[in-house]
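The values are calculated or read from the model by the stated rules, or taken from the named source; none is laboratory data. Note that the structure is a prediction, hence the values are computed from the model and not measured. All Cβ positions, glycine included, derive from the backbone under ideal geometry; neighbour counts span all protein chains shown.
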Amino acid sequence: MRPPAPPRRREPMPSHPRRRGLILIVDDSLETRELYADYFRHRDFDAITAPDGDSGVDVAVRTKPDAIVMDLSMPRLNGVSAAHHLKHDPRTSKIPIVLLTGFGYRAIELGALEMGVDVFLTKPCLPEDLERQIRMLIDARRRERGLQAL
């Protein structure tokens with residue numbers, strides 16, 4: 001006779017049963033991608049990742065996330081160029097993009113904003129600060145579309 005199976009641990013139900021939004025994290029640093037993706041998942045968002053600008057553009061076109069967090073300095077296609085591609089593609093042009101970078105130069109910020117980036121943040125950036133920006137962007141987009149804000 002087999003001993004009874006241990007009770008299954010029940011995962012806590014999220015405090016908000018509806019999905020808050022899908023966030024795409026694009027960064028060449030695996031640690032950074034995992035840090036922000038895990039944080040957003042813990043905060044009841046869905047999160048997906050991409051390791052560079054090229055794949056970030058591909059994933060964004062396929063999944064249509066509610067917001068994108070993009071690193072500036074990446075191999076193959078940098079964050080500003082990837083943002084430019086996304087903002088000029090009718091399938092992704094309305095998706096808010098947060099450019100997250102370790103380079104806090106005003107000229108880079110202005111250039112990124114001219115290319116279509118919605119918010120420019122410098123690293124180190126606390127996940128709470130990033131979440132606040134993401135929520136504002138998603139809420140503004142939902143209001144535009146006549147949907148309920150977060």
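Just so you know, in the stretch 58-72 the residues that are in contact with a Ser or Thr (Cβ under 8 Å, 6 or more places away or on another chain) and under 14 Å from VAL117 (Cβ atoms) include one that is modelled with the lowest pLDDT, and it is LEU72. The set of residues from the stretch 23-35 being over 15 Å from ARG76 (Cβ atoms) and either modelled with pLDDT of 95 or more or among the charged types (D, E, K, R) (or both) comprises ILE23, LEU24, ILE25, LEU30, GLU31, ARG33, GLU34. Among residues belonging to the stretch 65-81 that are assigned to a loop (DSSP other than H, G, I, E, B) and among the charged types (D, E, K, R), point out the one that is nearest to GLY53 (Cα to Cα). Out of the qualifying residues, it is ARG76.
Output the residues belonging to the stretch 22-42 that are farther than 13 Å from LEU100 by Cα and crowded, with 19+ Cβ neighbours inside 10 Å. Break it down into steps so the answer makes sense when it comes.
Just the residues of the stretch 22-42 that are farther than 13 Å from LEU100 by Cα, to begin with: 22-23, 30-31, 34-35, 37-42.
Those that are farther than 13 Å from LEU100 by Cα and crowded, with 19+ Cβ neighbours inside 10 Å: ILE23, ALA37, PHE40.
With ARG43, ARG8 as the choices, which residue is among the basic types (Lys, Arg) and either under 25 Å from ASP139 (Cα atoms) or at pLDDT 85 or above (or both)? Break it down stepwise before answering.
Details: ARG8 fails: either under 25 Å from ASP139 (Cα atoms) or at pLDDT 85 or above (or both).
Residue meeting the stated conditions: ARG43.
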